[in-house]
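The values are calculated or read from the model by the stated rules, or taken from the named source; none is laboratory data. Bear in mind the structure is a predicted one, so any value in this text is a computation, not a measurement. Heads up, the Cβs are rebuilt from the backbone with ideal geometry, glycines too, and the neighbour counts pull from every protein chain shown. To get the accessible areas, we keep the full protein, side chains included, count just its heavy atoms, and leave off ligands, DNA and RNA. Shrake-Rupley method; radii C 1.70, N 1.55, O 1.52, S 1.80 Å.
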Amino acid sequence: MSVKKFAVAVYDDEAVLFPAVKKVRSAGYKIHDVYTPFAVHGLDVALGEKESDLHVAGFIYGITGTATALGFMGWIFTTDWPQNFGGKPTFPLPAFIPIVFELTVLFAAVGMVLTFCYLNQIMPGVKKHIFHPRQTDDKFVMAIEVTDENAASTEAFLKSTGAEETKVEMAEADWWYGRFDQKEEYEIKQQLA
Amino acid sequence: MKSRNRRGAAWSNNPWLQEMPDPITKCTWDNYVIMSPNRAKKMGAELTDLNEVDRDKKVFSIKTNGKEVKLPVLVVPGVHDDVIAVALGYGRSKTVGKAAADLGVNVYPLMGQDATGNLSFYAAAVDLKNTGETYQLAITQTHHSYQNDRPIIHEYSLNEFKKDPNQLYNKRKDALGHYTSPDGVVHHGGHGDAGHDAHGAKDAHAAQDAHGEAHADPHAAAANATKTEEDWQEAYRKNGTLYPNFESHGMKWGMSIDLNSCVGGGSCTIACQAENNVSVVGKNQVLLVHDMHWIRIDRYFAGDPTKPDSIQTLFQPMLCQHCDNAPCENVCPVNATNHSSEGMNQMAYNRCIGTRYCANNCPYKVRRFNWRDWNEADCFDDNVYTDGRRDDINDDITRMVLNPDVTVRSRGVMEKCSFCVQRLQGAKATAKKQGRLMKDGEAKVACQQACPTDAIVFGNVNDRESAIFKLRYEDQKERVFHVLEDIHTLPNINYLSKIRNASEVMSRNPEEASHGSEKAHA
Amino acid sequence: MHLKYESVIREALVDGKKDYHQVTEDICAPIENKPTKLWKIGFFLSASLLLFGVFSVGWEVYWGTGVWNLNRTIGWGWDITNFVWWVGIGHAGTLISAILLLFRQGWRTGVNRAAEAMTIFAVMCAGQFPIWHMGRVWDAFFVLPYGNTRGPLWPNFVSPLLWDVFAISTYFTVSLLFWYSGLIPDFATIRDRAKTKFRKAAYGLASFGWAGSAKHWQRHEMLSLVLAGLSTPLVLSVHTIVSFDFATSVIPGWHTTIFPPYFVAGAVFSGFAMVQTLLVITRKVLKLEDYITIGHIEAMNKVIVLTGSIVGVAYLTELFIAYYSGVLWEQEAFRLRVMGPYWWAYWAMMTCNVVSPQLFWFKKLRRNIWFTFFMSIIVNIGMWFERFVIIMSLHRDYLPSSWSYYTPSWTEVGFYLGSFGLFFTCYFLFAKYFRLLPLRKSSLS
Amino acid sequence: MLNQEFKIPAKLKTTSLVLLVIGLITLGAGVATLLFSHEVVSQTRFWAVLLQNSIFFLLISLASVFILSATSLAQAGWIVSFRRIPEAIGSIVWVLGIIAGAIILTLIWTDNYHIYHWLEKGNIPHNSLNTLKNFFLSKPFFSIWTVVVIALWGWLGVKLRNLSVQQDSEPKGSTKTYWINFKYSAGFVFVFALTLASTIPWLWIMSIDSHWFSTMFSWYTFASSFVSGMSMIMLWILYTKRHGYLDIVSDEHIHDVGKFMFAFSIFWTYLWFSQFMLIWYANIPEETIYFKIRMHGPYKFFYWLNIILNFVCPILILMPRPNKRNYFVVVLVAVLIIFGHWIDFYQMIMPGTVGADWQMGWFEIGILCGFVGLVIWLVANKLTKAPMVPQNHPFLKETIIHIS
């Protein structure tokens, strides 16, 4: 958790963004992140991100659900308190299927969403730095971490990639607990400067 | 004018009796005029399909002996076309007590005197007029025929029965014997005297042709095993299902009800009500079909309603059948009802949350729901007396009528016949204390005890010496049947067929007569 | 840069030439402007209905289920009819989002957010009925498999009603997650556009701190896809399990093996109709005609005529097989449906569900807004009658001695009206404070 | 490349002919040893096997016509790249229809009550309960409906393909035939609802167990034939692709067809389970007897095999995304599915006909070979008659750049 300096470029079209990403990466810059208002198909590949393994987690949660449901109901009906309902078998498998299915789905879905939130470090009360107010509206924002020395040159380079607007600003790179209606210290400082 | 009364109204303030449906009309809490369908039609009060649904009955004015009363009309087949009848003993004042006050109409004023000066229970000249008004009668059974072809009751004339006592037995064996093979392969060689093998088997021919008689084969052997007289019922029980068989070791309670002996008097209903703290609900609630009786007597008419002489009446006591494959037990979400190892279908009132799913899924419609707080037993105060007249069962004094061995049920739970489980447990405990086996007849259920004609026999079916066993499997086995046995509910209650001392059984439709056994199979 | 080529046959999914920002402006406008008069009236009416529903339910809980006109023979009536009806309606949203996402139907984006919200509200309404229909609602928690002090006392996992408990709660949870995870980025948009402190704080909380990072979007896409994959069988399972409530029983008219797929088709049918009802109003009131186009409406109508026909085939199948079976009980149950005391319900069902949707074979009618609106209501009336007809199989089953009849009391009607109140109150709030349409690239052609 | 024409590889030709000849020899041997055997069970076996195979192959071919109509109505673009394959399969429906129809009608008019028990007098009594059944299961109705339905199926199967081929020679950008095709597709779906989705499986298959009934039966049969039809299309796509055709079919298309196989295997299981569980739960003997013989009786093995082949295998194998794009895996699953549903049809038909005396021997396998050979030969020949890719389809461009 520390406030760092970033060179920020704002693009107004995907068609400009993609070549820009390519140029920036081949020029050797390490892109801190790209912010888009909606999922841009193929951007993760362009940025060199690995494919997410979220679905594998989902599968494991699902299997856990299946096992829990079958094990729990099986234990209750055969061991804990076997009873006779309408002459049904003690282990009435066909009648277990609906609940087994539901719990499989429930475990998978809830587990995946929690994992999603954990991986993305998002939850109510979490705050992240918004580089450009329209990055959740229609602008595409690229941020590169810079030092005092290379800030100007990076900015200039970003400008050359077709950015509509560029700037250098201090920003908290990670997440923190905070409210979006309050300005953080570094933001106020930045504004004053 | 003929009369029927409850001891001339001497016990009219007893809500049990007020709520007991009249054996013939199935009406409660009121008196009314009964008349034949023909007369009703003439006078614009005919029994229509709508009549079943609509509880508003037409009110007629009756004038005789210079007096007039107004009474609702009930149409009852079998009444002579020129006779109407009213029950005495109604229209009491409030002084008689809460239950009977202001019920019905007092018709004593209509009574004249006969030549000897005695009160005359009939009057010859009656002026009957439709007033155009209507009045609601609380009737517990609104459909009066068992649709003739519904195989829920079996009736034979004495001659038919004499000619072939085994008619019912064979009919059942034909229909159910179809499902007795342990592997589902149906072999037709199995049952002998099936007449033509009409309802037979999907697979029968191929299998039969394949094996021939000489073919030694495990399936054929299995089929042969069910050949013997006693075993096909057991085989149906075990193989007519995809479920395993739950054996009852020790006790296995069973009941037999003889349709021949039953006179429909209803003492079983009241005995049960007294024994098991069954609530009285009041007229308004009976109108909403919220009646609570654990054992009811279904009354059906057969014959041509326009010919009073052709009418035959039939009574079928109906109570929880304690099915071994009970459709109600499966569906309870909270385990409030399940099956005992003694073959009883039991209720845990404490556990019931009142989804009513069990009652819906009961093919016999014998489960009773506590729609309201009849007994001031639930957690809401003062929510009992909203709908007019009630019995006074919640007085401190009258509460003493409650049987302390039996729970008083609160609002929102399901209840039904328990086979008087408190008595059975009591009898078992007594025998155990005395260090001996329980004898047959020691455990009696209330309805059995009260039945004046001994139509109900009850006992342990696993005991080969018991009356119920002998009746069911030896003495009366050709008359035994279970209601709806083709859906494999395996009731622990059986009925004995009705044998009529009449030349003809009116409930038999012509098709049934000619096709007989197919019907049962279908 | 991927070019999405669309054939000449296809219609544009968004009318008018819009850039991204314009889309955001349009969609956020209802949220950021003051509520209109129409909205206020609608909200007030819905809230009043809701209050009346609360009163009706309170009355029933205090005096007992006996104030409903259900009886010894007919243990379920309007309560479960309405339950099944609302659950059915609650199927469209997740179906649109999930199945259409899997089938990559582009037109879904115009309607899916509203439909998902509708799903959640409809399931909330549906859940009320089985809860309040219990005789002892204060013991409703008995259905949960919780450890307790009464020994090993567990619910009965074999009961279809318990399956319902699991199915409905799972469905509600997963739909909520699906819907909310889709909303998070939308909340972020509103947050960053917000002018007031309160809005910034509230939407800031609701958006979970979403900033739109590329990696997050990648996971988000994956999450949506897998949730869609899970939701698809889940949607089918829910109405299937609801149908099991009836089909597992031995009651003629209830016990029919075709029920599961036929209930699902019926649910989609009624759900889509309800979405139509809402969309036709919403696009008018919130001026979203460019986003919810005639093309969307027509596509939905095609699904309606398809599912209506499937349901029709199922009705005829039931009727036919009942007579084919040679089983007296079945034949009688269906004879009574067609010409028994409840014949009017049967014929209302047939007219509304089978006959009238066939008019959608005509393109002119399919693309007519007012006709669509009219039909969407007709279909839901029909589907209500379908459930009513099925449940009323109880009125005459095996033993004629128990036959009975049922009409609802004011409390039952009140409860039903109250559920509309709940539904529309939620919907009005949603339409005002949440984003009604998602912003997706694919919504632009 | 888009106007490539299919030439039957020699190996395929030989294989199909060899299989066909095996089938014919088996048939001949069957006639000699089974049909003219004095044992009724052998005669029944002869007919039951022919019935099973002819209906099975007819219905899985018909599935192609259905998928064509359904995707046309849904305006799905992705299928266009390999549309010619279902078209070819669909246009041989009439041949299989004639074979199946001939077998069924022979059974009916020779009163073969060992297959259709209702043909025996008295098995379904004439009374008011059975009025409809007596009409429905009567020789005239049965025959007329069978003939009409086969004629409609065959005609529409050919028609849909002819329209598509006709489109090839139309000027670019013309959508006239496209809309005509759309209308015929709607017509077929209508016919389909009244036949395969309802009456036909009742008549041809369910009536074998003449007292048993299930409202689900037709939809269940449909699901069975549809998923195997999809698998058959998959096999053809991959086969032709391997031989250098259909290069516009990308992994995305294969993935999509794989998803269909996956999804409809689940769908089949869903219908199978619903039918089974409801009957199991209600436990009414006249319904459970159907499963009694299958679950606890001599068909136990097939009962479990059916679930394993048609549910467990496809679902486990096809769940991971890469597997749906792996040609070997997909071919394996397709073969398993087709065989699995052949078994499914086997266990639908045999318990009611040959009963406990089922056999899985030379005759069963030989006839299966024969039908496989016949279908391969017919479809391959049909494929040579038109370019492998529809030339002028409005969605052609869409399907080429199709991404998932």
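Looking across segment D:206-221, the residues that are touching a Leu at 6+ places or on another chain (Cβ under 9 Å), assigned to a helix (DSSP H, G or I) and either closer than 17 Å to C:His255 by Cβ or touching a residue at least 40 places away in the same chain (Cβ under 8 Å) (or both) come down to D:Ser207, D:Ile208, D:Trp219, D:Tyr220, D:Thr221. If you filter segment C:182-228 down to residues that are of a type in the set (Ser, Thr, Tyr) and without any contact (Cβ under 8 Å) to a residue 12 or more places away in the chain, you find that the one that is least open to solvent (accessible area, probe 1.4 Å) is C:Ser213. Scan segment B:430-443 residue by residue and report those that are open to solvent by 50 Å² or more (accessible area, probe 1.4 Å) and either out of contact with any helix residue (DSSP H, G or I) (no Cβ under 9 Å at 6 or more places or on another chain) or free of Cβ contacts under 8 Å to residues at least 24 places away in the same chain (or both). Of everything in segment B:430-443, those that are open to solvent by 50 Å² or more (accessible area, probe 1.4 Å) and either out of contact with any helix residue (DSSP H, G or I) (no Cβ under 9 Å at 6 or more places or on another chain) or free of Cβ contacts under 8 Å to residues at least 24 places away in the same chain (or both) turn out to be B:Thr430, B:Lys432, B:Lys433, B:Gln434, B:Gly435, B:Arg436, B:Leu437, B:Lys439, B:Glu442. Of all the criteria given as (1) of a type in the set (Val, Ile, Thr); (2) in contact with a Pro (Cβ under 8 Å, 6 or more places away or on another chain); (3) open to solvent by 20 Å² or more (accessible area, probe 1.4 Å), the one not satisfied by A:Thr136 is (3).
Looking only at residues of segment C:169-181 that are at the interface with another protein chain (Cβ under 7 Å from one of its Cβ atoms) and open to solvent by 30 Å² or more (accessible area, probe 1.4 Å), we find that the one that is farthest from the chain's Cα centre (by Cα) is C:Leu177. Screening A:Thr154, A:Thr136, A:Thr147, A:Thr166 for residues that are under 15 Å from the mean Cα position of the chain (by Cα) and among the hydroxyl-bearing types (Ser, Thr, Tyr) leaves exactly one candidate, A:Thr136. Restricting attention to segment B:140-165, the residues that are open to solvent by 30 Å² or more (accessible area, probe 1.4 Å) and among the aliphatic types (A, V, I, L, M) total 1.
Evaluated against (1) open to solvent by less than 40 Å² (accessible area, probe 1.4 Å); (2) out of contact with any Ser or Thr (no Cβ under 8 Å at 6 or more places or on another chain); (3) under 17 Å from C:Val303 (Cβ atoms); (4) more than 14 Å from every other protein chain (Cβ to nearest Cβ), C:Val389 falls short on exactly one condition, (3). Among the residues of segment B:473-489, what is the count of those that are open to solvent by 20 Å² or more (accessible area, probe 1.4 Å) and under 30 Å from B:Tyr243 (Cβ atoms)? Here the count works out to 8. Only one entry of D:Val329, D:Val354, D:Val333 meets the criterion of being open to solvent by less than 60 Å² (accessible area, probe 1.4 Å) and either in contact with a Gly (Cβ under 7 Å, 6 or more places away or on another chain) or within 14 Å of another protein chain (Cβ to nearest Cβ) (or both), and that entry is D:Val354. So, C:Leu153, is that one facing another protein chain (nearest Cβ under 9 Å) and either open to solvent by less than 10 Å² (accessible area, probe 1.4 Å) or in contact with a Phe, Trp or Tyr (Cβ under 8 Å, 6 or more places away or on another chain) (or both) or not? For C:Leu153, the condition - facing another protein chain (nearest Cβ under 9 Å) and either open to solvent by less than 10 Å² (accessible area, probe 1.4 Å) or in contact with a Phe, Trp or Tyr (Cβ under 8 Å, 6 or more places away or on another chain) (or both) - is met.
Annotation: of all residues in segment C:273-329 being assigned to a helix (DSSP H, G or I) and of a type in the set (Lys, Arg), the one that is least open to solvent (accessible area, probe 1.4 Å) is C:Arg283. Output the number of residues of segment D:1-54 satisfying the condition of being among the aromatic types (Phe, Trp, Tyr) and more than 14 Å from chain B (Cβ to nearest Cβ). Result for segment D:1-54: 2. Against the list (1) part of a helix (DSSP H, G or I); (2) touching a strand residue (DSSP E or B) at 6+ places or on another chain (Cβ under 7 Å); (3) not basic (Lys, Arg), the condition C:Thr232 fails is (2).
You will find that of C:Val264, C:Val313, the residue that is closer than 25 Å to D:Ala76 by Cβ and either facing chain D (nearest Cβ under 8 Å) or modelled with pLDDT under 85 (or both) is C:Val313 and no other. Would you confirm whether any residue within segment C:342-363 is crowded, with 18+ Cβ neighbours inside 10 Å and not in a helix (DSSP H, G or I)? The answer is yes; a qualifying residue exists.
The residues listed here are D:Leu246, D:Leu163, D:Leu194; of these, the one that is open to solvent by less than 10 Å² (accessible area, probe 1.4 Å) and in a helix (DSSP H, G or I) is D:Leu163.
Taking D:Val312 as meeting all but one of (1) within 21 Å of A:Pro89 (Cα to Cα); (2) open to solvent by 30 Å² or more (accessible area, probe 1.4 Å); (3) more than 14 Å from chain B (Cβ to nearest Cβ), write down the number of the exception. The failed condition is (1). Quick check, is D:Trp280 aromatic (Phe, Trp, Tyr), more than 13 Å from chain B (Cβ to nearest Cβ), assigned to a helix (DSSP H, G or I) and closer than 30 Å to B:Ser181 by Cα? Judged against the criteria, D:Trp280 is not a match. Output the residue which, of all residues in segment D:283-299 that are of a type outside the set (Phe, Trp, Tyr) and over 21 Å from B:Asp174 (Cα atoms), is nearest to the other protein chains (Cβ to nearest Cβ). Result: D:Gly297. For D:Asp247, the conditions (1) in contact with a helix residue (DSSP H, G or I) (Cβ under 6 Å, 6 or more places away or on another chain); (2) more than 13 Å from every other protein chain (Cβ to nearest Cβ); (3) at pLDDT below 90 are fulfilled apart from (1).
Summed over segment D:108-128, residues that are in contact with a Leu (Cβ under 6 Å, 6 or more places away or on another chain) and either open to solvent by 30 Å² or more (accessible area, probe 1.4 Å) or facing chain B (nearest Cβ under 7 Å) (or both) total 2.
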